[in-house]
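Beneath this line is the structure, given in structure tokens, with notes to follow.
The values are calculated or read from the model by the stated rules, or taken from the named source; none is laboratory data. These figures come from a predicted structure and were not determined experimentally. Neighbour counts are summed over all protein chains in view; Cβ atoms, including those assigned to glycine, are modelled from backbone coordinates with ideal geometry. To get the accessible areas, we keep the full protein, side chains included, count just its heavy atoms, and leave off ligands, DNA and RNA. Shrake-Rupley method; radii C 1.70, N 1.55, O 1.52, S 1.80 Å.
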Amino acid sequence: MSEALDTYEPERAVPDYDAEYPIRIRGLTNAFGDFVVHDRLDLDVRRGEILGVVGGSGTGKSVLMRAIIGLQIPREGSIEVFGRNITNAEPDEVIGVRNHWGVLFQGGALFSTLTVAENVQVPLKQFYPDLDQVLLDEIARYKTVLSGLPPEAASKYPSELSGGMKKRAGLARALALDPQLLFLDEPTAGLDPIGAAKFDELTRDLTDTLGLTVFLITHDLDTLYAICDRVAVLADKKVIAVGTIPELLETDHPWIQEYFNGPRSRAAQASRERSRAKDADVASAMDKTGDSGA
Amino acid sequence: MGEVPVYNIEGEGGRIRVVIAGPLLVSTIAALDRDLRDYESEVHEVDISAAWPMDTVGAWVVHRFAETRCAEVIGASEDAMVLLEAVAGAESSADIAPQRLKIRLRVPEHVGAKVYEFAAGTKHLVGFLGSIIVALGSSLFHWRRFPIRALVHQMELVGVTSLPIIGLMSFLIGIVIAQQGAVQLAQFGAETLTVNLVGRITLRELGVLMTAIMVAGRSGSAFAAQIGTMKLTEEIDAMRTIGVSPAEVLVVPRILAAVLMMPLLGFFASCLAILGGATIADLMLDIPFLTFLARIQEVVPLYDFYVGMAKAPVFGLIVALSGCYQGMQVSGNAEEVGLRTTRAVVQAIFMVIVLDAFFAVFFTEIGWA
């Protein structure tokens, strides 16, 4: 029975969709007046991966995210989300896609007059009005804890939360609908290193547990090394390279070289290797004690 | 989606098994959640081998059902196990609404809080007035630092840009007073006194009063909203850190602008009201336009003009003060900005009318009747 289940293709996304790329962008051009931000940009996001998006300030990382989630109307090009072109779709058509993604804005963008629990319930009530209030309350409780907040935080208003807690509350709201696709805009900016590392870990855990695809905008090199499966580099109004960090290092674009070979990048890489080495030490030590015990 | 999850009860060797089948997703779970909550008889096992796809909400419903009835979950696939463990680990029983007192305690508590708030508010207001006086003094003392550009800009916003709306309003009020007054005065055959009525009431009372109300709605609210938003975005805190006094840079120019512009606007309003009265007199009462204006000069004593002009700066001060004060009191969230803006306008108009009543009695008593 369970074997049969394993071969069963889980269809947790839009039911008629199970292709490899939840997001496909082709020939995207965004511009504000004469100022062109993206010029015929292409990008694919693979199912189940955490894609880090990097680029200098003003290269349009946030604009790209806003274009994908439909807040910025592109001048040209097509954006397919779950196989549906959302660039000139009617509002009703997009709704079917909209409840399969969650967005965490830079500042959290929590509704300031609602408690954290009510914030989490807003999308649930909007899309599924027939859910019981008891279930809604239970969902708000466990999503709060799932996002790494203390349980009591559910009853607090955003103005009573610290910056890091606001981000986690924003994540709880982004996860409210059990989305397939998660957009994170600089999730670790403004967090202390310990909080940032925990947030990274949380993102990775949730991605693995819930089978998410994550589109992650970041400036944080630690985040890139720690949790991103692939990294897309935005420069010259395009995505100039996509790949794992070692793959990117092989390209000879000056910005990529400077970015990943700068002093901060080396430090992040070194700390990553140290923590890996430590894990290996612990593992081998445990093996040894296991051996001696036997 | 159409398809909804269902459950069946199977009995096997004395063990009661609830078999759940179908998609356990947030979009389909509503009915099953209610059914399982109402389920009352005994259960030993929950079989979810046919329940797929599943998300965390579905896993939660299964977890809660099994846990509250001390049943065992069987037949979970590997993915389902991961989800079940994730939600089980995130269980909490914390309150999700802020604590609220019982109504019989809440009412006195609320009243008490209001009393304290009033006391603190009065203290704040006095402190605010003091800080404005200090700021005014120091900007006169350090006159090179005086925010002259901000003052001119505010004068334009408060005064020049409100000319059309105040002009139109006053013109219409002049028409209404002249026309309605003429109907009543005609009963004594004293239509010519319409000139006295329009001239005296607009210069002495209505011109300035209506202008103050309009400025409270236009500029007082804008002051409260601008300063309140700056407070929320920490701009005011940033100013303080740099050593710039918000009272000097933000409040003084606004208050001075309102104080300086109010007499001018009030006079402008009175003039247009008289023009409105003259127009309607020409059309309806056969008093020629220019005769009306010439008569104004004869029947309106000069002290009526002084009364109006004396009140105007005071009203301007009240409107600007309450706008800036409420703006500075904003803290917390966006809702507060709206609340404080409303309060600024209501307070300003109320104070203006109270003071106007006081002035009316005062000036009559000193013989300027």
Give me the one-decimal nm value for the distance between modelled label points at A:Ser159 and A:Glu93, 7 Å along each residue's Cα-to-Cβ direction. 4.3
Partner shielding of B:72-80, taken as the mean number of other chain Cβ atoms within 10 Å, equals 3
What accessible area, summed over both chains, is buried at the A-B interface (1.4 Å probe, Å², nearest 100)? 3200
Counting Lys and Arg as +1 and Asp and Glu as -1, each charge on the Cβ, what is the dipole of chain A about the Cα centre in debye, to the nearest 20? 920
Set A:Lys61/A:Lys238; A:Lys143/A:Lys166; B:Lys123/B:Lys311 screened for pairs whose C-alpha atoms are more than 19 Å apart: B:Lys123/B:Lys311
Loop GluC sites (Glu not before Pro), region B:1-61, which have at most 13 other Cβ atoms in a 10 Å radius of their Cβ (DSSP): B:Glu3, B:Glu40, B:Glu42
So B:Glu10 and B:Phe118, fully extended at 0.36 nm per residue minus their Cα-Cα distance, gain in nm 32.2 nm
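Which shape class, rounded, prolate or oblate, goes with region A:40-89 when its Cα gyration tensor gives a ≥ b ≥ c as root eigenvalues, a/c under 1.5 marks rounded, and past that a/b bigger than b/c marks prolate?
Numbers: a/c = 1.99, a/b = 1.12, b/c = 1.77.
Note, shape of region A:40-89 comes out oblate.
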So the angle from the long Cα axis of helix B:103-141 to the longest Cα principal axis of chain B, reported in degrees to the nearest 10, equals 50
For chain A, just say rounded, prolate or oblate: build the C-alpha gyration tensor, square-root its eigenvalues into a ≥ b ≥ c, call rounded for a/c under 1.5, and beyond that prolate if a/b exceeds b/c, oblate if not. rounded
Taking only DSSP H segments of four or more residues, each worth -39500 (n - 2.57), what value at 222 nm results for chain A once the sum is divided by all its residues, to the nearest 500 deg cm²/dmol? -13500 deg cm²/dmol
Heavy-atom accessible area of A:Leu248 with all protein chains present, probe 1.4 Å, nearest 10 Å²? 0
By the gyration tensor of its Cα atoms, with a ≥ b ≥ c the square roots of the eigenvalues, what is the shape of region B:6-92: rounded for a/c under 1.5, prolate for a/b over b/c, or oblate? rounded
Under unit Cβ charges (Lys, Arg +1; Asp, Glu -1), what dipole magnitude, rounded to 20 debye, does region B:231-331 have relative to its Cα centre? 180
Any idea what the dipole of region A:138-227 comes to, in debye rounded to 20, about its Cα centre with Lys/Arg Cβ at +1 and Asp/Glu Cβ at -1? 300
Selected from B:Gln154, B:Gln187, B:Gln329 as most flexible by GNM, with chain B as the system and alpha-carbon contacts under 10 Å: B:Gln187
How high is the FRET efficiency from B:Glu72 to B:Asp35, r the C-beta distance, R0 22 Å, rounded to 0.05? 0.65
Test of understanding: given chain B, find the longest segment containing no trypsin sites (Lys or Arg not before Pro) that are in a DSSP loop and have at most 14 other Cβ atoms within 10 Å. B:103-369
For region B:221-306, run through the GluC sites (Glu not before Pro) and keep only the ones in DSSP coil with at most 16 other Cβ atoms within 10 Å of their Cβ. B:Glu234
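Quick one: longest stretch of chain A between exposed loop GluC sites (Glu not before Pro), exposed meaning at most 15 other C-beta atoms within 10 Å and loop per DSSP?
The longest uninterrupted stretch comes out as A:21-294.
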Which of the chymotrypsin sites (Phe, Trp or Tyr not before Pro) found in region B:1-92 are loop residues per DSSP with 11 or fewer other Cβ atoms within 10 Å of their Cβ? none
Counting only other chains, and only Cβ atoms inside 10 Å, what mean value do you get across the residues of A:204-213? 2
Estimated [θ] at 222 nm from DSSP helical runs (n ≥ 4, -39500 (n - 2.57)) normalised by residues in chain B, nearest 500: -22000 deg cm²/dmol
For chain B, taking Cα atoms only, what is the radius of gyration to one decimal and the Dmax to the nearest whole Å? 35.1, 113
In Å², what does the accessible area per residue of chain B work out to with a 1.4 Å probe? 51
Where a label projected 7 Å from the Cα of B:Tyr306 along Cα→Cβ would reach, residues of region B:348-365 with amide N under 17 Å: B:359-365
Which whole number gives the average, over all residues in A:152-158, of C-beta atoms from other chains lying within 10 Å of the residue C-beta? 4
